[in-house]
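The values are calculated or read from the model by the stated rules, or taken from the named source; none is laboratory data. Please read all numbers here as calculations on a predicted model, not as lab measurements. Quick reminder, even Gly has a Cβ in these numbers, built from the backbone with ideal geometry, and neighbours come from all protein chains shown.
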Number of protein chains: 2
Amino acid sequence: MDMERVNSMGFGEFVDVFGNIIEKCPLVAAAVWSQRPFSNLEDLESHFFAFIDALPRSGQEGILRCHPDLAGRDLQQGTLTAESQREQSQAGLTSLDADDRLRLQRLNAQYRERFGFPFVLAARLSDRDAVPRELARRLHCQPESELRTALGEVKKIGHLRLVDLLGAHPARVEPPRGWRSECQ
Amino acid sequence: MDMERVNSMGFGEFVDVFGNIIEKCPLVAAAVWSQRPFSNLEDLESHFFAFIDALPRSGQEGILRCHPDLAGRDLQQGTLTAESQREQSQAGLTSLDADDRLRLQRLNAQYRERFGFPFVLAARLSDRDAVPRELARRLHCQPESELRTALGEVKKIGHLRLVDLLGAHPARVEPPRGWRSECQ
(Lines give C-alpha, C1' and ligand atoms only; values in the text may rest on other atoms or scores of the structure.)
Protein backbone atom coordinates (compact mmCIF):
# COMPACT_ATOMS: atom_id res chain seq x y z
CA MET A 1 0.00 0.00 0.00
CA ASP A 2 1.56 3.35 -1.00
CA MET A 3 1.03 6.71 0.70
CA GLU A 4 -1.09 8.02 -2.16
CA ARG A 5 -3.54 5.25 -1.37
CA VAL A 6 -3.40 6.04 2.37
CA ASN A 7 -3.95 9.75 1.74
CA SER A 8 -7.00 9.02 -0.42
CA MET A 9 -8.83 7.21 2.39
CA GLY A 10 -11.94 8.63 4.03
CA PHE A 11 -11.89 8.47 7.82
CA GLY A 12 -14.04 5.33 7.92
CA GLU A 13 -11.61 3.31 5.81
CA PHE A 14 -8.59 4.86 7.56
CA VAL A 15 -9.89 3.77 10.98
CA ASP A 16 -10.78 0.31 9.60
CA VAL A 17 -7.21 -0.12 8.33
CA PHE A 18 -5.14 1.65 11.01
CA GLY A 19 -7.49 1.43 14.02
CA ASN A 20 -5.37 -1.17 15.81
CA ILE A 21 -1.91 0.33 15.21
CA ILE A 22 -2.32 1.28 18.86
CA GLU A 23 -3.93 -1.77 20.49
CA LYS A 24 -7.71 -1.33 20.96
CA CYS A 25 -7.37 2.45 20.61
CA PRO A 26 -8.96 3.36 17.25
CA LEU A 27 -9.34 6.86 18.70
CA VAL A 28 -5.65 7.45 17.95
CA ALA A 29 -5.97 6.57 14.24
CA ALA A 30 -9.23 8.51 14.08
CA ALA A 31 -7.42 11.58 15.45
CA VAL A 32 -4.37 11.11 13.21
CA TRP A 33 -6.59 11.23 10.09
CA SER A 34 -6.96 14.98 10.78
CA GLN A 35 -3.22 15.39 10.00
CA ARG A 36 -3.31 13.98 6.43
CA PRO A 37 -1.70 14.05 3.91
CA PHE A 38 1.26 11.97 5.09
CA SER A 39 4.55 11.95 3.20
CA ASN A 40 5.81 8.49 4.23
CA LEU A 41 5.70 5.84 6.97
CA GLU A 42 7.90 7.87 9.32
CA ASP A 43 5.66 10.90 8.92
CA LEU A 44 2.51 8.82 9.48
CA GLU A 45 3.86 7.10 12.59
CA SER A 46 5.18 10.36 14.02
CA HIS A 47 1.55 11.56 14.27
CA PHE A 48 0.49 8.40 16.11
CA PHE A 49 3.39 8.80 18.54
CA ALA A 50 2.88 12.56 19.00
CA PHE A 51 -0.75 11.92 19.96
CA ILE A 52 0.36 9.48 22.66
CA ASP A 53 3.10 11.80 23.92
CA ALA A 54 0.61 14.68 24.24
CA LEU A 55 -1.83 12.72 26.42
CA PRO A 56 -1.91 13.41 30.14
CA ARG A 57 -0.37 10.69 32.29
CA SER A 58 -3.78 9.07 32.90
CA GLY A 59 -4.27 8.81 29.13
CA GLN A 60 -0.83 7.27 28.62
CA GLU A 61 -1.59 4.75 31.35
CA GLY A 62 -4.94 4.23 29.62
CA ILE A 63 -3.18 3.29 26.37
CA LEU A 64 -1.22 0.65 28.29
CA ARG A 65 -4.36 -0.65 30.04
CA CYS A 66 -5.92 -1.41 26.63
CA HIS A 67 -3.17 -4.02 26.04
CA PRO A 68 -3.68 -7.69 26.93
CA ASP A 69 -1.38 -9.66 29.23
CA LEU A 70 1.19 -11.73 27.34
CA ALA A 71 0.05 -15.38 27.51
CA GLY A 72 -2.89 -14.19 29.62
CA ARG A 73 -6.65 -14.51 29.79
CA ASP A 74 -7.39 -13.16 26.28
CA LEU A 75 -5.02 -15.66 24.71
CA GLN A 76 -6.59 -18.53 26.68
CA GLN A 77 -10.11 -17.40 25.77
CA GLY A 78 -9.36 -16.63 22.12
CA THR A 79 -10.31 -12.96 22.51
CA LEU A 80 -7.02 -11.37 21.43
CA THR A 81 -7.03 -8.94 18.51
CA ALA A 82 -5.73 -10.53 15.29
CA GLU A 83 -2.50 -8.50 15.53
CA SER A 84 -1.81 -9.47 19.12
CA GLN A 85 -2.61 -13.13 18.45
CA ARG A 86 -0.06 -13.16 15.63
CA GLU A 87 2.60 -11.38 17.69
CA GLN A 88 2.20 -13.62 20.74
CA SER A 89 2.21 -16.66 18.48
CA GLN A 90 5.43 -15.57 16.73
CA ALA A 91 7.08 -15.17 20.15
CA GLY A 92 6.10 -18.76 21.02
CA LEU A 93 3.72 -17.63 23.80
CA THR A 94 0.80 -19.65 22.43
CA SER A 95 2.59 -22.95 23.09
CA LEU A 96 3.88 -22.56 26.66
CA ASP A 97 3.52 -25.55 28.96
CA ALA A 98 1.35 -25.18 32.06
CA ASP A 99 4.27 -24.36 34.39
CA ASP A 100 5.67 -21.60 32.18
CA ARG A 101 2.19 -20.14 31.64
CA LEU A 102 1.53 -20.10 35.38
CA ARG A 103 4.89 -18.45 36.06
CA LEU A 104 4.15 -15.72 33.51
CA GLN A 105 0.64 -15.19 34.93
CA ARG A 106 2.10 -14.68 38.40
CA LEU A 107 4.67 -12.20 37.12
CA ASN A 108 1.98 -10.35 35.12
CA ALA A 109 -0.17 -10.08 38.25
CA GLN A 110 2.76 -8.72 40.31
CA TYR A 111 3.52 -6.19 37.59
CA ARG A 112 -0.12 -4.99 37.31
CA GLU A 113 -0.30 -4.67 41.07
CA ARG A 114 2.90 -2.62 41.23
CA PHE A 115 2.33 -0.26 38.25
CA GLY A 116 -1.46 -0.16 37.67
CA PHE A 117 -1.11 -1.21 34.02
CA PRO A 118 -0.20 -4.47 32.27
CA PHE A 119 3.29 -5.48 31.17
CA VAL A 120 3.65 -4.36 27.54
CA LEU A 121 6.44 -5.67 25.33
CA ALA A 122 6.91 -5.86 21.55
CA ALA A 123 6.60 -9.66 21.58
CA ARG A 124 7.86 -10.04 18.00
CA LEU A 125 11.24 -8.72 19.09
CA SER A 126 11.36 -11.22 21.96
CA ASP A 127 10.75 -14.92 22.54
CA ARG A 128 9.25 -17.28 25.11
CA ASP A 129 12.42 -17.43 27.16
CA ALA A 130 13.20 -13.72 27.10
CA VAL A 131 9.65 -12.52 27.96
CA PRO A 132 9.56 -13.73 31.60
CA ARG A 133 13.19 -12.59 32.09
CA GLU A 134 12.36 -9.10 30.82
CA LEU A 135 9.17 -9.00 32.88
CA ALA A 136 11.05 -9.93 36.06
CA ARG A 137 13.67 -7.25 35.30
CA ARG A 138 11.17 -4.45 34.63
CA LEU A 139 9.21 -5.39 37.75
CA HIS A 140 12.01 -3.76 39.74
CA CYS A 141 12.08 -0.47 37.81
CA GLN A 142 10.71 2.80 39.14
CA PRO A 143 7.16 3.74 38.04
CA GLU A 144 8.24 6.88 36.13
CA SER A 145 10.91 5.12 34.07
CA GLU A 146 8.70 2.06 33.62
CA LEU A 147 5.90 4.18 32.12
CA ARG A 148 8.40 5.55 29.57
CA THR A 149 9.74 2.06 28.80
CA ALA A 150 6.23 0.65 28.32
CA LEU A 151 5.19 3.51 26.00
CA GLY A 152 8.38 2.88 24.04
CA GLU A 153 7.21 -0.72 23.56
CA VAL A 154 3.79 0.54 22.39
CA LYS A 155 5.62 2.55 19.73
CA LYS A 156 7.74 -0.44 18.64
CA ILE A 157 4.55 -2.51 18.30
CA GLY A 158 2.88 0.29 16.34
CA HIS A 159 5.91 0.68 14.05
CA LEU A 160 5.93 -3.02 13.21
CA ARG A 161 2.16 -3.06 12.59
CA LEU A 162 2.48 -0.07 10.24
CA VAL A 163 5.36 -1.79 8.44
CA ASP A 164 3.14 -4.85 7.94
CA LEU A 165 0.31 -2.77 6.50
CA LEU A 166 2.46 -0.60 4.27
CA GLY A 167 4.77 -3.40 3.09
CA ALA A 168 7.83 -1.38 4.13
CA HIS A 169 11.08 -2.44 5.78
CA PRO A 170 11.16 -2.00 9.55
CA ALA A 171 13.52 0.58 11.02
CA ARG A 172 16.19 -0.79 13.34
CA VAL A 173 14.25 -1.34 16.54
CA GLU A 174 16.19 -1.72 19.74
CA PRO A 175 15.71 -5.19 21.28
CA PRO A 176 14.84 -5.50 24.97
CA ARG A 177 17.79 -4.93 27.28
CA GLY A 178 19.66 -7.82 28.80
CA TRP A 179 18.87 -9.25 32.19
CA ARG A 180 21.46 -7.21 34.05
CA SER A 181 20.83 -3.87 32.34
CA GLU A 182 19.59 -0.91 34.30
CA CYS A 183 16.12 0.60 34.11
CA GLN A 184 15.85 3.66 31.88
CA MET B 1 -24.18 -1.48 40.96
CA ASP B 2 -23.07 0.89 43.73
CA MET B 3 -19.97 3.09 43.77
CA GLU B 4 -18.25 0.92 46.36
CA ARG B 5 -18.39 -1.90 43.84
CA VAL B 6 -17.11 0.40 41.06
CA ASN B 7 -14.24 1.65 43.23
CA SER B 8 -13.19 -1.92 44.04
CA MET B 9 -12.63 -2.84 40.40
CA GLY B 10 -9.19 -3.52 38.99
CA PHE B 11 -8.51 -1.77 35.67
CA GLY B 12 -9.27 -4.89 33.65
CA GLU B 13 -12.78 -5.23 35.01
CA PHE B 14 -13.34 -1.45 34.92
CA VAL B 15 -12.48 -1.32 31.21
CA ASP B 16 -14.62 -4.41 30.55
CA VAL B 17 -17.61 -2.72 32.22
CA PHE B 18 -17.15 0.96 31.22
CA GLY B 19 -15.07 0.60 28.03
CA ASN B 20 -17.94 1.59 25.74
CA ILE B 21 -19.31 4.54 27.72
CA ILE B 22 -17.58 6.48 24.97
CA GLU B 23 -18.30 4.51 21.79
CA LYS B 24 -15.35 2.29 20.77
CA CYS B 25 -12.97 4.34 22.93
CA PRO B 26 -12.00 2.09 25.88
CA LEU B 27 -8.95 4.35 26.22
CA VAL B 28 -11.17 6.92 27.94
CA ALA B 29 -12.40 4.48 30.61
CA ALA B 30 -8.87 3.11 30.95
CA ALA B 31 -7.61 6.64 31.64
CA VAL B 32 -10.48 7.49 34.00
CA TRP B 33 -9.60 4.50 36.22
CA SER B 34 -6.54 6.53 37.33
CA GLN B 35 -8.92 9.02 39.01
CA ARG B 36 -10.64 6.53 41.37
CA PRO B 37 -12.23 6.50 43.90
CA PHE B 38 -15.42 8.07 42.57
CA SER B 39 -18.06 9.51 44.88
CA ASN B 40 -21.13 9.08 42.66
CA LEU B 41 -22.34 8.90 39.05
CA GLU B 42 -21.86 12.64 38.49
CA ASP B 43 -18.30 12.45 39.76
CA LEU B 44 -17.53 9.41 37.60
CA GLU B 45 -18.98 10.91 34.44
CA SER B 46 -17.24 14.24 35.06
CA HIS B 47 -13.90 12.42 34.62
CA PHE B 48 -15.02 10.89 31.32
CA PHE B 49 -16.13 14.30 30.07
CA ALA B 50 -13.04 16.13 31.35
CA PHE B 51 -10.85 13.67 29.44
CA ILE B 52 -12.72 14.46 26.21
CA ASP B 53 -12.63 18.21 26.85
CA ALA B 54 -8.85 18.11 27.39
CA LEU B 55 -8.13 16.38 24.06
CA PRO B 56 -6.76 18.44 21.20
CA ARG B 57 -9.25 19.13 18.42
CA SER B 58 -7.97 16.17 16.37
CA GLY B 59 -8.67 13.90 19.35
CA GLN B 60 -12.17 15.29 19.82
CA GLU B 61 -12.86 14.74 16.13
CA GLY B 62 -11.35 11.25 16.61
CA ILE B 63 -13.91 10.48 19.33
CA LEU B 64 -16.69 11.39 16.89
CA ARG B 65 -15.12 9.31 14.09
CA CYS B 66 -15.36 6.21 16.28
CA HIS B 67 -19.18 6.50 16.15
CA PRO B 68 -21.24 4.65 13.55
CA ASP B 69 -23.67 6.34 11.17
CA LEU B 70 -27.28 6.18 12.36
CA ALA B 71 -29.06 3.54 10.24
CA GLY B 72 -25.79 3.08 8.36
CA ARG B 73 -23.45 0.33 7.23
CA ASP B 74 -22.78 -1.14 10.70
CA LEU B 75 -26.48 -1.51 11.39
CA GLN B 76 -27.03 -3.20 7.99
CA GLN B 77 -24.06 -5.53 8.52
CA GLY B 78 -24.84 -6.33 12.16
CA THR B 79 -21.50 -4.89 13.36
CA LEU B 80 -22.82 -2.23 15.76
CA THR B 81 -21.72 -2.36 19.40
CA ALA B 82 -24.43 -3.80 21.67
CA GLU B 83 -25.10 -0.36 23.15
CA SER B 84 -25.46 1.34 19.78
CA GLN B 85 -27.66 -1.46 18.45
CA ARG B 86 -30.03 -1.00 21.41
CA GLU B 87 -30.10 2.78 21.07
CA GLN B 88 -30.74 2.77 17.33
CA SER B 89 -33.40 0.12 17.82
CA GLN B 90 -35.17 2.15 20.53
CA ALA B 91 -35.25 5.14 18.18
CA GLY B 92 -36.93 2.97 15.51
CA LEU B 93 -33.94 3.21 13.16
CA THR B 94 -33.71 -0.56 12.71
CA SER B 95 -37.09 -0.71 10.99
CA LEU B 96 -36.90 2.09 8.41
CA ASP B 97 -38.27 1.36 4.97
CA ALA B 98 -35.86 1.49 2.01
CA ASP B 99 -36.71 5.09 1.05
CA ASP B 100 -36.19 6.47 4.55
CA ARG B 101 -32.95 4.52 4.93
CA LEU B 102 -31.65 5.85 1.63
CA ARG B 103 -32.58 9.42 2.57
CA LEU B 104 -30.72 9.11 5.87
CA GLN B 105 -27.69 7.58 4.14
CA ARG B 106 -27.53 10.53 1.74
CA LEU B 107 -27.79 13.04 4.58
CA ASN B 108 -25.12 11.14 6.56
CA ALA B 109 -22.80 11.26 3.55
CA GLN B 110 -23.33 15.01 3.07
CA TYR B 111 -22.65 15.58 6.77
CA ARG B 112 -19.44 13.50 6.77
CA GLU B 113 -18.25 15.33 3.66
CA ARG B 114 -18.90 18.74 5.23
CA PHE B 115 -17.51 18.16 8.74
CA GLY B 116 -15.03 15.25 8.46
CA PHE B 117 -16.81 13.22 11.14
CA PRO B 118 -20.12 11.32 11.30
CA PHE B 119 -23.43 12.74 12.53
CA VAL B 120 -23.66 11.87 16.23
CA LEU B 121 -26.94 12.11 18.11
CA ALA B 122 -28.23 10.56 21.35
CA ALA B 123 -30.71 8.36 19.46
CA ARG B 124 -32.61 7.35 22.60
CA LEU B 125 -33.71 10.96 23.03
CA SER B 126 -34.92 11.09 19.44
CA ASP B 127 -37.01 9.00 17.05
CA ARG B 128 -37.11 7.91 13.43
CA ASP B 129 -38.89 11.07 12.29
CA ALA B 130 -36.79 13.52 14.29
CA VAL B 131 -33.38 12.05 13.33
CA PRO B 132 -33.37 13.09 9.64
CA ARG B 133 -34.88 16.47 10.56
CA GLU B 134 -32.15 17.11 13.11
CA LEU B 135 -29.48 15.88 10.70
CA ALA B 136 -30.70 18.23 7.97
CA ARG B 137 -30.72 21.12 10.45
CA ARG B 138 -27.21 20.50 11.80
CA LEU B 139 -25.87 20.11 8.26
CA HIS B 140 -26.14 23.89 7.97
CA CYS B 141 -24.29 24.74 11.18
CA GLN B 142 -20.76 26.12 11.30
CA PRO B 143 -17.96 23.57 11.90
CA GLU B 144 -16.88 25.07 15.24
CA SER B 145 -20.37 25.07 16.76
CA GLU B 146 -21.16 21.69 15.20
CA LEU B 147 -18.11 20.10 16.86
CA ARG B 148 -19.37 21.39 20.23
CA THR B 149 -22.91 20.15 19.53
CA ALA B 150 -21.67 16.70 18.50
CA LEU B 151 -19.45 16.36 21.60
CA GLY B 152 -22.48 17.35 23.68
CA GLU B 153 -24.35 14.41 22.13
CA VAL B 154 -21.42 12.09 22.97
CA LYS B 155 -21.80 13.18 26.59
CA LYS B 156 -25.59 12.60 26.58
CA ILE B 157 -24.99 9.10 25.18
CA GLY B 158 -22.31 8.46 27.81
CA HIS B 159 -24.57 9.72 30.61
CA LEU B 160 -27.40 7.40 29.58
CA ARG B 161 -25.03 4.42 29.26
CA LEU B 162 -23.65 5.09 32.75
CA VAL B 163 -27.19 5.38 34.11
CA ASP B 164 -27.98 1.96 32.59
CA LEU B 165 -24.92 0.36 34.17
CA LEU B 166 -25.31 1.96 37.58
CA GLY B 167 -29.09 1.57 37.79
CA ALA B 168 -29.49 5.28 38.52
CA HIS B 169 -32.05 7.81 37.33
CA PRO B 170 -30.97 9.89 34.36
CA ALA B 171 -30.39 13.59 34.85
CA ARG B 172 -32.64 15.87 32.83
CA VAL B 173 -31.00 15.72 29.42
CA GLU B 174 -31.86 18.42 26.94
CA PRO B 175 -33.66 16.96 23.90
CA PRO B 176 -32.46 17.91 20.41
CA ARG B 177 -33.50 21.39 19.37
CA GLY B 178 -36.54 21.92 17.22
CA TRP B 179 -36.35 22.19 13.46
CA ARG B 180 -36.20 25.96 13.39
CA SER B 181 -33.76 26.49 16.26
CA GLU B 182 -30.42 28.13 15.66
CA CYS B 183 -27.04 26.39 15.73
CA GLN B 184 -25.14 26.75 19.01
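Among the listed residues A:GLU146, A:GLU153, A:GLU174, identify the single one that is closer than 25 Å to A:TYR111 by Cα, at pLDDT below 95 and within 17 Å of the chain's Cα centre (by Cα).
Answer to the selection: A:GLU174.
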Could you give me the residue pairs with C-beta distances under 6 Å whose first residue belongs to the range B:53-70 and is farther than 18 Å from B:LEU104 by Cα, whose second residue is hydroxyl-bearing (Ser, Thr, Tyr) and surrounded by fewer than 24 Cβ atoms within 10 Å (Cβ to Cβ) wherever it lies, and which are 6+ apart or on separate chains? B:SER58/A:SER34; B:GLU61/A:SER34
Residue list for the range A:24-43, filter: surrounded by 22 or more Cβ atoms within 10 Å (Cβ to Cβ) and hydrophobic (A, V, I, L, M, F, W, C): A:CYS25, A:LEU27, A:VAL28, A:ALA29, A:ALA30, A:ALA31, A:VAL32, A:TRP33
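Against the definition (more than 22 Å from A:GLY116 (Cβ to Cβ) and not charged (D, E, K, R)), how does A:SER58 come out, yes or no?
Spelling it out, it is not the case that A:SER58 is more than 22 Å from A:GLY116 (Cβ to Cβ) and not charged (D, E, K, R).
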Just name the residue that is surrounded by the fewest Cβ atoms within 10 Å (Cβ to Cβ) out of those in the range A:108-136 that are among the aliphatic types (A, V, I, L, M) and within 16 Å of A:LEU160 (Cα to Cα). A:LEU125
Do we find a residue being under 22 Å from B:ILE22 (Cα atoms), within 14 Å of chain B (Cβ to nearest Cβ) and under 17 Å from the mean Cα position of the chain (by Cα) anywhere in the range A:31-47? no
Those residues of the range A:10-27 that are more than 7 Å from chain B (Cβ to nearest Cβ) and either within 18 Å of A:LYS156 (Cα to Cα) or in contact with a helix residue (DSSP H, G or I) (Cβ under 7 Å, 6 or more places away or on another chain) (or both) come to a total of 8
Go through the residues of the range A:144-155 one by one and say whether even a single one is surrounded by 15 or more Cβ atoms within 10 Å (Cβ to Cβ) and farther than 22 Å from A:GLN60 by Cα. no
Can you name the helices (runs of 4 or more DSSP H) wholly within the range B:1-40 that have at least 2 residues being in contact with a Lys or Arg (Cβ under 7 Å, 6 or more places away or on another chain)? B:11-18, B:26-32
Examine the range A:49-57 for a residue that is touching a Pro at 6+ places or on another chain (Cβ under 9 Å) and either within 25 Å of A:ALA136 (Cβ to Cβ) or within 14 Å of chain B (Cβ to nearest Cβ) (or both), and state whether such a residue exists. yes
